[in-house]
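The values are calculated or read from the model by the stated rules, or taken from the named source; none is laboratory data. The shown structure was predicted, so the numbers you read here are calculated from the model rather than taken from an experiment. So basically every Cβ, Gly included, is an ideal-geometry build from the backbone, and we count neighbours across all protein chains shown.
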Amino acid sequence: MSKFTAPGLSTESADEVAGILQERLSALNDLHLTLKHIHWNVVGANFIGVHEMIDPQVELVRGYADTLAERIATLGSSPNGTAKAIEADRSWSDYSIGRDTAQAHLGALDLVYDGFITSHRNAIEKIGELDPITEDVLIGQTAELEKFQWFVRAHLESYTGELKHSGASGEKEAADAAR
Ligand SMILES: [Fe+2]
């Protein structure tokens, strides 16, 4: 139980919000590592465009992790930013594509963003009932992440607006379909 929190918020609510934020902090830490992994492993045509598109997103996502960690501290709890915390908090597995083409990585990354954004939206829904200030932070982050997902999808979209990997059930299946 936190000893202090933001004014006007009960410590019970603050602790509940911090618990949800901890899971999202680990998700953001995992996401920026995954993005760097793609930055290093992408090959083939469109290499430089995708390699360079990823780095500003790494910076953005690292910044979002910092924001959530500091929000947890503001609420009176202790953020956990270790590799073990990522492993303990996550309900998903490691990104599964190694050296591969830009299209394959983008197909898999689209699925990564599907999962991440859905979970951020779920957190918004739960936190919205407890703390509108934290909710506002998550809403702002989600809008930017959705915009980047559009950048990813735009590389994969046909002129009729279709995605070859749509309906893929995992990263490998999405990569195979998009490659
Ligand atoms: Fe680099």
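Here Trp92 meets each of (1) under 17 Å from the mean Cα position of the chain (by Cα); (2) modelled with pLDDT of 95 or more with one exception, condition (2). Please indicate, with yes or no, whether at least one residue in segment 50-60 is away from the ligand (no atom under 16 Å from the Cβ) and of a type in the set (Val, Ile, Thr). Looking for residues that are away from the ligand (no atom under 16 Å from the Cβ) and of a type in the set (Val, Ile, Thr), one finds none in segment 50-60, hence no.
Within the option set Phe116, Phe151, being over 18 Å from Leu33 (Cα atoms), under 19 Å from the mean Cα position of the chain (by Cα) and of a type in the set (Phe, Trp, Tyr) holds for one residue only, Phe151. Screening Lys3 on (1) outside any helix (DSSP H, G or I); (2) surrounded by 21 or more Cβ atoms within 10 Å (Cβ to Cβ) shows it passes everything except condition (2).
Here's the yes/no breakdown for (1) buried (at least 20 other Cβ atoms within 10 Å of the Cβ); (2) hydrophobic (A, V, I, L, M, F, W, C); (3) under 30 Å from Ser10 (Cα atoms); (4) in contact (Cβ under 8 Å) with a residue 24 or more places away in the chain:
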residue	(1), (2), (3), (4)
Ser78	no, no, yes, no
Gly98	no, no, no, yes
Ala102	yes, yes, no, yes
Ala108	yes, yes, no, yes
Gly115	no, no, no, no
Lys126	no, no, yes, yes
Thr134	yes, no, yes, yes
Trp150	no, yes, no, no
Gly167	no, no, no, no
